[in-house]
1. If you go through segment 93-135, how many residues are open to solvent by 20 Å² or more (accessible area, probe 1.4 Å), β-branched (Val, Ile, Thr) and within 14 Å of the ligand (Cβ to nearest atom)?
2. With the condition kept exactly as written, say whether any residue in segment 35-57 is of a type in the set (Val, Ile, Thr) and either part of a loop (DSSP other than H, G, I, E, B) or more than 16 Å from the ligand (Cβ to nearest atom) (or both).
3. Restricting attention to segment 160-201, which residues are in a loop (DSSP other than H, G, I, E, B) and within 16 Å of the ligand (Cβ to nearest atom)?
4. Is it the case that Ala21 is away from the ligand (no atom under 16 Å from the Cβ), among the small types (Gly, Ala, Ser), buried (at least 21 other Cβ atoms within 10 Å of the Cβ) and touching a residue at least 24 places away in the same chain (Cβ under 8 Å)?
5. Do the conditions hold for Ala88, that is, is it at pLDDT 95 or above, under 27 Å from Gly163 (Cβ atoms), assigned to a loop (DSSP other than H, G, I, E, B) and within 11 Å of the ligand (Cβ to nearest atom)?
6. Go over the candidates Gly6, Gly30 one by one and state the one that is part of a loop (DSSP other than H, G, I, E, B), more than 8 Å from the ligand (Cβ to nearest atom) and open to solvent by less than 20 Å² (accessible area, probe 1.4 Å).
7. For segment 36-54: of the residues being of a type in the set (A, V, I, L, M) and in contact with a Leu (Cβ under 7 Å, 6 or more places away or on another chain), which is surrounded by the most Cβ atoms within 10 Å (Cβ to Cβ)?
8. For the subset of segment 173-221 comprising residues that are among the β-branched types (Val, Ile, Thr) and without any contact (Cβ under 8 Å) to a residue 24 or more places away in the chain, which member is least open to solvent (accessible area, probe 1.4 Å)?
Amino acid sequence: MRRLEGRRAIVTGAGSGIGRAIALRFAEEGARVLVADLNADAAEESRALLATPGLSRAVDVSRGNEVQALIQAALDAWGGLETLVNNAGIGVAATAPDTGEDDWDRVLNVNLKGTFFGLKYGIPAIRRTVQGQPYSGSVINMSSAVALVGVPNRAAYSASKGGVLALTRAAAIDHVSEGVRVNAILPGTVDTPWVQNITASQADPEGARAAMTARQPHGRLVTAQEIAAMAAYLASDESASVIGAGLVVDGGFTAR
Ligand SMILES: NC(=O)c1ccc[n+]([C@@H]2O[C@H](COP(=O)([O-])OP(=O)(O)OC[C@H]3O[C@@H](n4cnc5c(N)ncnc54)[C@H](O)[C@@H]3O)[C@@H](O)[C@H]2O)c1
């Protein structure tokens, strides 16, 4: 399917895992993609894999001036922007009492403030681009299943992703009449370098992975490509009536 022909998209955190899979899928569906990541080399690696000519750029999404410059770079290169995926994220594994204030600030700054900066600078650009067009623009925020259910040792991370879901709904209502749809994806446990690093750091990596798999009702981890498929749907006109939604892709994890 090439549902994104002619569309222009920015994906943050696209040097790895879910973001890379989304960038690749968007390009397969015909979009031009700007791959953005804190790690410039990883972003460039992803760009080289795209099926359409793309761009790559280093960005720290927790810095407003960098996000503003990222959006401007897309506008300078392409003259417009229809889609933004606020995917960049980090985690800290700790309970609230065990979370240092620095770690709290770091996680909230990247995951929640970074999403805020994406909306702050991305929505005006998307709104201008789609004005008078028969289709809507699309902002996709990466929340998590932990926005809905408690998971051990994820206090700051869960707070940030719950905030992303609430911010998604607020922005969806603010901008629906301007032709900009804002939605969130809530992945469960996805097999990415992030999760691979978590299991590798345990005393028994294979046991840790088996435990993660065992809590999945469908018996396996979610793939990054399955999250990318949801993102492509949300970026496309097929989801024209999907507004302010938190779409769960978790293998049944939150249905238990
Ligand atoms: N993997 C999972 O199980 C899972 C589950 C739910 C939600 N998520 C969310 O999906 C998103 C992607 O996760 P992933 O598993 O692909 O992780 P990943 O670690 O494989 O990729 C994250 C990417 O974000 C980049 N990044 C980190 N901080 C950044 C910053 N300040 N500015 C720009 N880029 C930055 C990293 O360099 C990396 O390339 C995150 O928001 C994560 O919270 C992941």
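The values are calculated or read from the model by the stated rules, or taken from the named source; none is laboratory data. Fair warning: this is a prediction, and the values are worked out from it, not measured in the lab. No Cβ is skipped: glycine too gets one built from the backbone with ideal geometry, and neighbour counts run over all protein chains shown. When the accessible area is computed, the model is the full protein with side chains, heavy atoms only, and any ligands, DNA or RNA have been set aside. Shrake-Rupley method; radii C 1.70, N 1.55, O 1.52, S 1.80 Å.
1. The qualifying residues number 1.
2. Checked against the condition, which is being of a type in the set (Val, Ile, Thr) and either part of a loop (DSSP other than H, G, I, E, B) or more than 16 Å from the ligand (Cβ to nearest atom) (or both), segment 35-57 yields at least one hit.
3. Gly188, Thr189, Asp191, Thr192, Ser201
4. no
5. Yes; evaluated as a whole, the condition is true for this residue.
6. Gly30
7. Per the criteria, the residue is Ala36.
8. Thr199
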